[in-house]
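Asks: After the structure tokens below, expect a handful of questions from me.
The values are calculated or read from the model by the stated rules, or taken from the named source; none is laboratory data. All values reported here derive from a predicted model rather than from experimental measurement. Note: ideal-geometry Cβ built from the backbone for every residue, glycine included; neighbour counts use all protein chains shown. Heads up: the accessible areas ignore ligands, DNA and RNA and are worked out on the full protein's heavy atoms, side chains in. Shrake-Rupley method; radii C 1.70, N 1.55, O 1.52, S 1.80 Å.
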Protein chains: 4
Amino acid sequence: MRSIDLNCDCGESFGAYQMGDDEAMLGIVTSANVACGFHGGDPDVMAATFHIAKDKGVAVGAHPGFPDLAGFGRRRIPFSTGEIERMVAYQIGAAQALAAYCGHKITHVKPHGALSNVAMEDRDVARAIAKATRAVDPDLAFLAVAKSALEQAGFAERLNVVSEIFADRAYTDRGLLLSRNQEGAVLHDVDTVAERVLAMVSEGALIAASGQRIPVPIHSVCVHGDTPNAVAMATAVRAKLEGAGIRLKAFVEA
Amino acid sequence: MRSIDLNCDCGESFGAYQMGDDEAMLGIVTSANVACGFHGGDPDVMAATFHIAKDKGVAVGAHPGFPDLAGFGRRRIPFSTGEIERMVAYQIGAAQALAAYCGHKITHVKPHGALSNVAMEDRDVARAIAKATRAVDPDLAFLAVAKSALEQAGFAERLNVVSEIFADRAYTDRGLLLSRNQEGAVLHDVDTVAERVLAMVSEGALIAASGQRIPVPIHSVCVHGDTPNAVAMATAVRAKLEGAGIRLKAFVEA
Amino acid sequence: MRSIDLNCDCGESFGAYQMGDDEAMLGIVTSANVACGFHGGDPDVMAATFHIAKDKGVAVGAHPGFPDLAGFGRRRIPFSTGEIERMVAYQIGAAQALAAYCGHKITHVKPHGALSNVAMEDRDVARAIAKATRAVDPDLAFLAVAKSALEQAGFAERLNVVSEIFADRAYTDRGLLLSRNQEGAVLHDVDTVAERVLAMVSEGALIAASGQRIPVPIHSVCVHGDTPNAVAMATAVRAKLEGAGIRLKAFVEA
Amino acid sequence: MRSIDLNCDCGESFGAYQMGDDEAMLGIVTSANVACGFHGGDPDVMAATFHIAKDKGVAVGAHPGFPDLAGFGRRRIPFSTGEIERMVAYQIGAAQALAAYCGHKITHVKPHGALSNVAMEDRDVARAIAKATRAVDPDLAFLAVAKSALEQAGFAERLNVVSEIFADRAYTDRGLLLSRNQEGAVLHDVDTVAERVLAMVSEGALIAASGQRIPVPIHSVCVHGDTPNAVAMATAVRAKLEGAGIRLKAFVEA
């Protein structure tokens, strides 16, 4: 029997501001990428998220982003690779300490928003993230989109690379994400998304918008936590995978 | 032959804003308390500080403060003890990660500004800082003013407590710091300060403004890094101690 | 026929973070207190709020708070009265400029959260807010809780003081708000709240929890915009007042 | 007898962090561009700056920048033109209010750092700044580098455009600033700078690095306030101009 991980972003609330339904999502996924206070999250939100994740047996990772709360880490701010190394190291360490404070443990790293988007294509930025991860703890798993520059950087730094697919994003024939400003880039129908995830996981391949298959290793499926139907979609994806006899399980033992 | 540690706050610059002369101070002290980005410092400043400290063989500690850059961590913001635990844990972790990134290692914790001032007297706040330190890493040394609530909290949490005296602050007969808004609270004359430090270290006692001696363990002497004559005073204190045959040495092996 | 104003806080979202349902609330109230970017709000949220308010004919005021986004302006940070004067002036000016940019106009000032709570009782802080308001524009109306130190400060600075009552907060026999940590301090039942508002407006008196009447001038009724049933409660209050032939109308012509 | 304005950036300190010697610079220049709290400055620093400027008879302008204290407004963050309009309007308004609080008056606008650099060449960004200025107050003078897109935008929005030259920056034959990463882009010799300023002002022309003259209107000379020899250079420029019988005078009556 095969198993697979289901991951989502969590802990992105800030002070009195709520983002997503962490409590619900942490009842569905097997790994959570927890914001570290730069694009979202704060020490109290982080600790609350780690506590819930621990209670529910969900593995946790650091989810570093650009220091841009006002832009939710989505603006492409021109930081140098050295600055990126240091902001990533800082955030991983902060997450490790708060996870320890909650009796939990950070076991992976996955970048957020613009930092992630840039790292998909820019080898130097990708390498900076991988280097910072290795410098802080070489045993951290490195969650990266299959076929991205980020994944390559993880291999180059000899990290434990975990390849993920996106549940609700369309792919090009080259296996890249269709840009969000293109028609059909984001899939909204819950059943379509769940069926497609099962097909990709079963076939071990990305399914492009054209229908073409691009074989890739798939260790994790990313579902979003901050869209209106996030909980329904994550529930459907999980149910569809379990219905096909695929076990949901974190890629790293927590 | 006795030895003693000399500590000062460092890494409190922020972006384009300079604070103190870290390069010079790190050539004099044996332990540095490095700001963690909340009241001062940022990931780049932190890393630069850790690099210099490593080059000069100076031990480094996390110097967590209130999240109040505009107030330089000096405002007594009414955080709950839970919030304090989490902000301290977060900052220690961030410092640990950036120290590792620089090939150095955080070996102690010392709170900053208003967080420190509150912890001198408030047992619950003091305990929160000690708890957070223990949760992140029970091997961290805990640098605390002799006879303060902070020192007591360190003992209660079974941390390796290191007791410090202030080079340039006057003491009351009960061994407490004279409040800054009192006449004579801060000593400015370099020679007087150096002489008094040597006397306190040699006698193993605080010397109150009245001349009274209050015996305490003294493991470290704190010199300030952000006053106009900081470098001159630290140099004089070090020279006076060395001239008396007392070796300057970090309390923890880096 | 009498008329009365209905006011609520608006524009407290920040970047990707939503707070309250401004679109709905601005369809009900006649005056909006718009956050100025310190405890909530940002230039884009402010402009969006002013645009909607203008479209709906709602008068707008500056709603300055402490610079504490993480605490949503609810922490009692010990600022000096001089600092408070300057942070209030800054925020009023920013709101005036963005209102002008949207073709609207700031016509009143009402402090937020901890700044407001302190100003209810502390004469110096209340005076600082009134002074800053007068310094920026002496024609601004000054919205203050009836019988508070803030209202007194408005009179002392010869501002156009507008007295408000809270729709859903219980009063003591002295006409003060019952502290939030006391049983029954906040009223949750929509019908009860609407009835009580009508009674207070009709009688020109606060109605204490004991039933006692405290005659006060009432120019405006404050409804909350960030509670779960905010829209339902504001709708009910408005309907009840209109049903009694009381016209809803801003205290200042926009 | 001709007269000319001398302007510099001021009020860029933040909390405990000092930047430049405002007290000295405000004794030399005739117009000050005051940071508005986004890239530097805070309400207390702004008010202190306005007080000194008023005392010394120096005209004051708003100096809006990107919301990037950590980068001192020097990072080219990809904001939309709408976002730029709103952040500029916000900052102008804040400065107006604090100037009024100090009994002074904002009479011009000049963008800072990356916002200014982008506006030199990008017509849309330049137009956004001019539009925001006009929306807040069409009587504000608009201080722009001669021959830049910013100057053009000021004309297009029918603002009172004031053209400035830089005392210590080299020009290309097209009258543009030589990029800072090119050899000789910044002039450091005080006497050379003072001589060149006098020549440009006297001839009514930019003097390119090649020696070529490019005739432009010159209403103001910009000197820097945050370089190590800022005070010496500003003093020399002023003395040289006055020695040639040119009167130093703000372009707008304060």
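Asks: Tell me which residues, restricted to region B:89-108, are in a helix (DSSP H, G or I) and among the small types (Gly, Ala, Ser). Explain how you work it out, then say what you get.
Replies: Taking region B:89-108 first, the residues in a helix (DSSP H, G or I) are B:89-101.
If the condition is that a residue be in a helix (DSSP H, G or I) and among the small types (Gly, Ala, Ser), then B:ALA89, B:GLY93, B:ALA94, B:ALA95, B:ALA97, B:ALA99, B:ALA100 are the ones that fit.
Asks: Do the conditions hold for B:GLY41, that is, is it within 16 Å of B:ALA16 (Cβ to Cβ), touching a strand residue (DSSP E or B) at 6+ places or on another chain (Cβ under 7 Å) and not hydrophobic (A, V, I, L, M, F, W, C)?
Replies: Against the criterion (within 16 Å of B:ALA16 (Cβ to Cβ), touching a strand residue (DSSP E or B) at 6+ places or on another chain (Cβ under 7 Å) and not hydrophobic (A, V, I, L, M, F, W, C)), B:GLY41 qualifies.
Asks: May I ask you to say which residue of B:GLY175, B:GLY245 is on the phi > 0 side of the Ramachandran plot and in contact with a strand residue (DSSP E or B) (Cβ under 6 Å, 6 or more places away or on another chain)? Reasoning before the result, please.
Replies: Details: B:GLY245 fails: in contact with a strand residue (DSSP E or B) (Cβ under 6 Å, 6 or more places away or on another chain).
On inspection, the qualifying residue turns out to be B:GLY175.
Asks: Tell me whether region C:178-198 contains one or more residues that are open to solvent by less than 40 Å² (accessible area, probe 1.4 Å) and within 16 Å of the chain's Cα centre (by Cα).
Replies: Within region C:178-198 (the criterion being open to solvent by less than 40 Å² (accessible area, probe 1.4 Å) and within 16 Å of the chain's Cα centre (by Cα)), the answer is yes, since at least one residue qualifies.
Asks: What about D:ASP173, is it open to solvent by 20 Å² or more (accessible area, probe 1.4 Å) and at pLDDT below 95?
Replies: Answer is yes for this residue.
Asks: Out of all the residues in region D:72-88, which are open to solvent by less than 20 Å² (accessible area, probe 1.4 Å) and assigned to a loop (DSSP other than H, G, I, E, B)?
Replies: If the condition is that a residue be open to solvent by less than 20 Å² (accessible area, probe 1.4 Å) and assigned to a loop (DSSP other than H, G, I, E, B), then D:PHE72, D:GLY73, D:ILE77 are the ones that fit.
Asks: Can you tell me which residue is most open to solvent (accessible area, probe 1.4 Å) among those in region D:11-44 that are more than 10 Å from chain B (Cβ to nearest Cβ) and free of Cβ contacts under 8 Å to residues at least 40 places away in the same chain?
Replies: By that ranking, first place goes to D:GLU23.
Asks: Select, from C:ALA95, C:ALA100, C:ALA89, C:ALA59, the only residue that is touching a residue at least 60 places away in the same chain (Cβ under 8 Å), over 30 Å from B:VAL118 (Cβ atoms), within 8 Å of another protein chain (Cβ to nearest Cβ) and not basic (Lys, Arg).
Replies: C:ALA95
Asks: Further question: Against the conditions (1) open to solvent by 10 Å² or more (accessible area, probe 1.4 Å); (2) aliphatic (A, V, I, L, M); (3) over 15 Å from the mean Cα position of the chain (by Cα), where does A:ALA205 fall short? Just the number, please.
Replies: (1)
Asks: Right, another one. Go through region D:45-56 residue by residue and tally those that are open to solvent by less than 30 Å² (accessible area, probe 1.4 Å) and in contact (Cβ under 8 Å) with a residue 40 or more places away in the chain.
Replies: 4
Asks: Another question, then. Which residue out of C:PRO67, C:PRO111, C:PRO138 is assigned to a loop (DSSP other than H, G, I, E, B) and surrounded by fewer than 22 Cβ atoms within 10 Å (Cβ to Cβ)? Give the derivation first.
Replies: Values: C:PRO67 fails: surrounded by fewer than 22 Cβ atoms within 10 Å (Cβ to Cβ); C:PRO111 fails: surrounded by fewer than 22 Cβ atoms within 10 Å (Cβ to Cβ).
Every option except C:PRO138 fails the conditions.
Asks: Checking the conditions here, which among D:THR133, D:THR227 is surrounded by fewer than 17 Cβ atoms within 10 Å (Cβ to Cβ), closer than 22 Å to D:ASP9 by Cα and of a type in the set (Ser, Thr, Tyr)?
Replies: D:THR227
For (1) at positive phi; (2) without any contact (Cβ under 8 Å) to a residue 40 or more places away in the chain; (3) of a type outside the set (D, E, K, R), each residue gets a yes or a no:
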{"residue": "B:VAL109", "(1), (2), (3)": "no, no, yes"}
{"residue": "B:HIS112", "(1), (2), (3)": "no, no, yes"}
{"residue": "B:MET120", "(1), (2), (3)": "no, no, yes"}
{"residue": "B:ARG123", "(1), (2), (3)": "no, yes, no"}
{"residue": "B:ALA126", "(1), (2), (3)": "no, yes, yes"}
{"residue": "B:ALA132", "(1), (2), (3)": "no, no, yes"}
{"residue": "B:PHE142", "(1), (2), (3)": "no, yes, yes"}
{"residue": "B:ALA153", "(1), (2), (3)": "no, yes, yes"}
